[in-house]
Amino acid sequence: MLLRHTPKEVTERKALTINPAKTCQPIGAMYAALGIKGCLPHSHGSQGCCAYHRSTLTRHYKEPISAATSSFTEGASVFGGQANLLQAINNIFTVYEPEVIAVHTTCLSETIGDDLPQIFDKAIKEKKVPEGKTVLGAPTPSYVGSHVTGFSNMVKAMAALARKSENRNGKVNIIPGWVEPCDMEEIKRLAAMMDVKINMFPDTSGVLNGPLNGEYHMFPDGGTPIEDIKSSGDASGTLALGEWCSADAARTLDSKCKVPCSVLDMPFGLQATDRFIDALRKIAGTSVAEEVSAERGQLVDMISDMHQYFYHKKVAIFGDPDQLISMVEFLVAIDMCPIHIVTGTPGKKFERRIKEITKDVPYEVNVKAAGDMFLLHQWIKNEPVDLLIGNTYGKYMARDEDIPFIRWGFPILDRQGHQYFPTVGYKGGIRMLEKILGVLLDRMDRDNPEEKFELVY
Amino acid sequence: MGKAQKAVQWDPTDIKQKLLEKYPPKVARKRAKQILINEAQENTTPEITANVRTIPGIITMRGCTYAGCKGVIMGPTSDIVNLVHGPIGCSFYAWLTRRNQSDASGHENANFINYCMSTDMQDSDIIFGGEKKLELAIQEAYDTFHPKAIAIFATCPVGLIGDDIHAVARKMKEKFGDCNVFAFSCEGYKGVSQSAGHHIANNQVFTHLVGKSEQEKTDKYKINLLGEYNIGGDGFEIDRILKKCGITNIATFSGNSTYDQFASANQADLSCVMCHRSINYVADMLETKYGIPWIKVNFIGAEATAKSLRKIGAYFADQELVDKIEEVIAEEMPSVKAICEDVLPRTTGKTAMLFVGGSRAHHYQELFSEMGMKTLSAGYEFAHRDDYEGREVIPNLKVDADSRNIEEIEVSADPELFKPRKSEEELKALEKSGFEFKEYEGLIPDMDKDTLIIDDLNQYEAEKLVELLKPDIFCAGIKEKFSIQKLGIPMKQLHSYDSGGPYAGFKGAINFYQEIDRLVTSKVWSYMKAPWEENPELSATYVWE
Ligand code: SF4
Ligand code: SF4
């Protein structure tokens, strides 16, 4: 037993987090910044944070993740990091020639109280920022919220670059939230099918799922051009996907540039995708494209074909709030029973939403925001489940408790596919179902006695 | 990348120039001292600048002090609860990411390696101080796991707000009575790299653990293995070989090790140092305090392994052991040789670059040379000058501000536990016969003339080096892996070994030969260009037109 010391009995812990279901803000900011075209993320703090964030993103994407650091030593920690950041900005523009530097803080520079806007002003005055290049920054103290908060803060910093419009460009801003590069592609595809002109940021497609062709480009072709981010103030409206990831940025655009916004759930599963498509339809003022309805029909068809395998199966799931809300809703929609749900990101609102979504599940439902995987494991020991869904770290519980396991969320360190096959939209829903069926039926094939081992299901 | 494209003739001075040309002048001046064109001769080794600050804004391969302390040294221990005091990130990222293996088999043995623990500091802890939370977290860890020991690690903000983690540790240790609690001031900003963290970790292990065991070890040939972290099971293979030879490994620092192993390390008769960088000072302290002499060993490479075993045999100078060692080498070598011969035709003449750690970039050159592969360029992320130039430079090393804040502990002979393992005459005789104690020559003398030795290589230089010299394989860490591979060059991680290992010892050598063979012969590197990209001109029409 890999987690042999996890007791079945749940005792309340006030100070100790064991096996966290979250990580710290800067990694989210780094991921978001990679969705700007020609952008080098920069971590303002000691180099260890940056090394860790790059390593984890690299392991998740199996792609080069470039990001610079202010490389604080003790001196910078005492006297402030201004000198380091000024030097860094100069070196970065000279050596790597990015279009944009997106700086995020770390718990170190936050604790010292370094003032990013003031340092940027100085850098501009000292001509360390070449003409036409952009430096932006987001505060991302790691002792507040989680990696999701950091993502949101960086996207908000992008929105803050938007200029107030004199003339609207008729586009719709889509803020997709922390989804995979392929999910961002899928969102673009759906919008195109609906004939909605969009301006999406951040957009990591083409950045973090690049080809292998003997060339290395620190700045691949993908990403949202900084001009598009600035012109998001010209849009006719904003669709923000996910309260935790995207709402702050959308509201910034609203208050700063009077771009009205609506915050939707992330389009995972049937109903959340329905709401997204419906919103696009209203924006476009047309009826839903037939191909889109057909994709929806395929998803519904698959649910009906395989319903017997989903029906009343118990599921434990952990991950980030926006993703979980839609996915739990989807599980309930196919008559599965999500009964243990944990996110590491704090937020009472999350617990309320999940309670609401699962109110008809015929079991007691455990949900905790700012919970950890140790607690989730204890819940599973007390009330076993048929399926576990979560990031790579779930594999230890899955092995110990012998539970079919699907990797979904962040980070996935030991598998491929998440960067190529979307799980948003109807097609994403179909892929999710395929994965669920795959592990459940593999399990039956493995465990059934020989006489019950059948060719057809 | 075909052979034809290779830079057959290259001048190291040009290469160095090319690496530096894009930097702002100040940066170029600094980097120039860390990039060395090797001209080591019989008696002189050129000087390199190392263990200096990373340049802000330059994309470094380095990590931090905390990574060296918790990640490298304490991470691989199995029955000590490692509790990180700080915001959640630091603990999360060091969670199972180094591929340290642990075989605490059987349910009675504690194994906390798969757990990640943190005080997950919040805003209010930063403002009002985190000592209370730490205290409670230690209590909760104790109540939940009842471990023999709890180790506390400080991360960046903890040092800034001034939490006294050592006082909290002392208090809890006294309170529990049956659980050793100690702390590490390994905030990420201390020092210039992971190296400071190794030092901090080792000092505390030496202070709080070594010598604390009541149990007497009575085995015949007792050694400690220092600087071996059981990545991908290296430690298992070394232990297998030692056991087969009849040598008892009292304690590995720190792969797959337990509390009791550390606690009885003072009972060994010889310390064998693998990774010089991460632990050489512990070997010195073990000698001063307990009288255990030390030697440098290297179990990376079959020949190196045999050589190291013979060195251990010579030290104990017991014919029975010497014979047994020869017998083991004779038994193990044929299968190693067989695989080596199999891969040789495909690997001979190929070239490698290694930029890892503080010893690995040196050790792994043995394996490559066994395969007929030449190392064109190498360097370390966090070594000091002695790792490059040899231990004789240690007295001349400048102690700068960044090293000064890393605690040096003073040790002297332990009044009860010190005992010389060999008499003066025996030591003299050994040395006279060519035996070298406390000796490490470093990387530079071992590398060919005109190869490039580069300290703290960064992403920009790595990419340039690869473009210019087109090695057949590049070795570094996960952050470097995919930018190198995008250039069409296979990249092997030598910190965590990708998914492979063990690479130490005899079986490890076999694994490594096969792994490198796979990497340099993989067909995938020939698919870089699509057919239409190789011949873009349309010179004929398709048949059915
Ligand atoms: S928690 Fe803070 S010190 Fe740790 S990795 Fe995150 S930003 Fe860095
Ligand atoms: S070479 Fe480096 S990574 Fe390896 S053990 Fe030594 S200090 Fe650690």
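Taken together, the values in this text are just the output of simple stated rules run on the coordinates, not laboratory data. Keep in mind that this is a model prediction, so the values were computed, not measured. Here Cβ is always computed from backbone atoms with ideal geometry, including for glycine, and neighbour counts include all displayed protein chains.
For chain A, the longest principal axis of the Cα atoms and the long axis of helix A:116-125 meet at an angle of about 40 degrees.
Listed peptides B:215-224, A:193-202, B:202-211 appear in the order B:202-211, A:193-202, B:215-224 once ranked by packing, highest mean of other Cβ atoms within 10 Å at the front. Taking label points 7 Å from Cα along the Cα-to-Cβ direction, B:Lys244 and A:Arg443 give a separation of 4.3 nm. Label zone (B:Asp123, point 7 Å along Cα-to-C-beta; backbone nitrogen cut-off 16 Å) within segment A:122-139: A:139. Residues whose amide H comes within less than 5 Å of that of B:Lys296, counting only those at least five positions distant or on another chain, are B:Val273, B:Lys438, B:Glu439 (H built at 1.01 Å from N in the peptide plane).
Considering only Cα-Cα distances, which of the following residue pairs are longer than 22 Å: A:Lys156/A:Lys256; A:Lys8/A:Lys359; A:Lys171/A:Lys349; A:Lys368/B:Lys148; A:Lys314/A:Lys348? Listed pairs above 22 Å: A:Lys8/A:Lys359; A:Lys171/A:Lys349; A:Lys368/B:Lys148; A:Lys314/A:Lys348.
Starting from the Cα gyration tensor of chain A, multiply each eigenvalue by 5, take the square root, and state the resulting semi-axes largest first in whole Å.
Working: eigenvalues 287, 149, 75 Å².
Semi-axes from the Cα gyration tensor: 38, 27, 19 Å.
For B:Val181, nonlocal amide neighbours, meaning residues 5 or more places apart or on other chains whose placed amide H falls under 5 Å from its own, are B:Ile150, B:Lys173. Peptides B:302-308, B:117-123, A:165-171 ranked from most to least packed by the mean count of surrounding Cβ atoms within 10 Å: B:117-123, B:302-308, A:165-171. The distance linking segment A:25-70 with segment B:457-506 is 19 Å (Cα centroid to Cα centroid, whole angstrom). Using 20 Å as the cut-off for backbone N distance, which residues of segment A:179-222 belong to the label zone defined by a point 7 Å from the Cα of A:Ala294 along Cα→Cβ? Answer for this model: A:186-196.
Assuming a ≥ b ≥ c are the square roots of the Cα gyration tensor eigenvalues, decide whether segment B:190-242 counts as rounded (a/c under 1.5), prolate (otherwise, with a/b larger than b/c) or oblate. Verdict is oblate for segment B:190-242. Ordering B:Ser377, B:Tyr364, B:Gly68 by Cα displacement along the dipole of chain B toward the positive end leaves B:Ser377 in first place; charges were set at the Cβ atoms of Lys, Arg (+1) and Asp, Glu (-1). Exposure proxy shown here: for A:Leu208, A:Leu324, the number of other Cβ atoms within 10 Å sets the order, fewest to most, as A:Leu208, A:Leu324.
Anything over 23 Å Cα to Cα? Flag those among B:Lys133/B:Lys171; B:Lys337/B:Lys470; A:Lys188/B:Lys523, in the order listed. Mind dumping the intermediate values first?
Numbers: B:Lys133/B:Lys171 14 Å; B:Lys337/B:Lys470 29 Å; A:Lys188/B:Lys523 35 Å.
With Cα atoms farther than 23 Å apart: B:Lys337/B:Lys470; A:Lys188/B:Lys523.
Other protein chain C-beta atoms within 10 Å of residue C-beta, averaged over B:471-479: 3. Counting beta carbons within 10 Å around each of A:Tyr420, B:Tyr23, B:Tyr542 and listing the fewest first gives the order B:Tyr542, A:Tyr420, B:Tyr23.
Once backbone amide H atoms are built at 1.01 Å from N, A:Thr224 has A:Ile36, A:Lys37, A:Asp203 as its partners under 5 Å, excluding neighbours fewer than 5 places away on the same chain. Charging the Cβ of each Asp and Glu at -1 and of each Lys and Arg at +1, and nothing else, the dipole of chain B about its Cα centre rounds to 960 debye. With θ taken as phi - 60° and the Karplus curve 6.51 cos²θ - 1.76 cosθ + 1.60 applied, the whole-hertz 3J(HN,Hα) list for segment B:126-135 is 5, 6, 9, x, x, 5, 4, 5, 4, 4 Hz, x standing for glycine and proline. Partner shielding of A:57-64 amounts to 4, given as the average count of beta-carbon atoms from other chains within 10 Å of each residue beta-carbon.
The order of B:His198, B:His166, going from fewest to most other C-beta atoms within 10 Å of their C-beta, is B:His166, B:His198.
Please sort A:347-356, B:290-299 by packing, taking for each peptide the average over its residues of neighbouring beta carbons within 10 angstrom, highest first. Can you show the working numbers first?
Values: A:347-356: 15.9, B:290-299: 22.8.
The densest-packed peptide leads the list: B:290-299, A:347-356.
Rounded to the nearest 10 degrees, the angle from helix B:459-469 to the longest Cα principal axis of chain B is 40 degrees. Counting Cβ atoms of other protein chains within 10 Å of each residue's Cβ and taking the mean over peptide B:150-162 gives 3.
Let me know the whole percent of all Cα-Cα pairs from segment B:417-493 that are separated by more than 15 Å.
The share of Cα pairs beyond 15 Å in segment B:417-493 comes to 69 percent.
Dividing the Cα radius of gyration of chain B by 2.2 N^0.38 Å, with N the residue count, gives 1.02.
Under the criterion of Cα pairs below 8 Å and six or more residues apart, the relative contact order for chain A equals 17 percent. Taking θ as phi - 60° and the Karplus parameters 6.51, -1.76 and 1.60, the scalar couplings of segment B:259-266 work out to 3, 5, 5, 4, 5, 9, 4, 5 Hz in sequence order, x denoting glycine and proline. Under the criterion of Cα pairs below 8 Å and six or more residues apart, the relative contact order for segment A:1-132 equals 27 percent. Angle of helix A:348-357 to the longest C-alpha principal axis of chain A, folded into 0 to 90 degrees and rounded to 10: 30°. Calculate the length of the line joining the C-alpha centroid of segment A:194-245 to that of segment B:33-110, in whole Å. After rounding, the separation between the Cα centres reads 35 Å. Each residue of segment B:377-384 is assigned a 3J(HN,Hα), and the resulting list reads 7, 7, x, 10, 7, 8, 6, 10 Hz, derived from the Karplus form 6.51 cos²θ - 1.76 cosθ + 1.60 (θ = phi - 60°), x at Gly and Pro.
What does the charge count around A:Glu63 come to, taking other residues whose C-beta lies under 14 Å from its C-beta (Lys +1, Arg +1, Asp -1, Glu -1)? Combined, the nearby Lys, Arg, Asp and Glu give +2. Under 8 Å for C-alpha pairs, at least 6 residues apart: give me the relative contact order for segment B:338-453, rounded to a whole percent. The value is 29 percent. Applying a 4.7 Å cutoff between beta carbons, the unpaired cysteines of chain B are B:Cys64, B:Cys90, B:Cys116, B:Cys156, B:Cys179, B:Cys245, B:Cys272, B:Cys275, B:Cys340, B:Cys475.
Translational diffusion of the protein assembly as shown was estimated from the Stokes-Einstein equation, with Rh taken as the Kirkwood radius over Cα pairs; at 4 °C and 1.567 mPa s the coefficient is 43 µm²/s.
Spin-label pair B:Glu331-A:Lys127: with each label point 7 Å from Cα along the Cα-Cβ axis, the two points sit 7.4 nm from one another.
In debye, nearest 20, what is the charge dipole magnitude of chain A about its Cα centre with +1 on Lys and Arg Cβ and -1 on Asp and Glu Cβ, if you could check?
Numbers: 50 positive and 57 negative charges, 239 e Å.
It works out to roughly 1140 debye.
Applying a threshold of 28 Å to the alpha-carbon distances of B:Lys464/B:Lys492; A:Lys127/A:Lys164; B:Lys175/B:Lys419; A:Lys22/A:Lys381 flags B:Lys175/B:Lys419 as lying beyond it.
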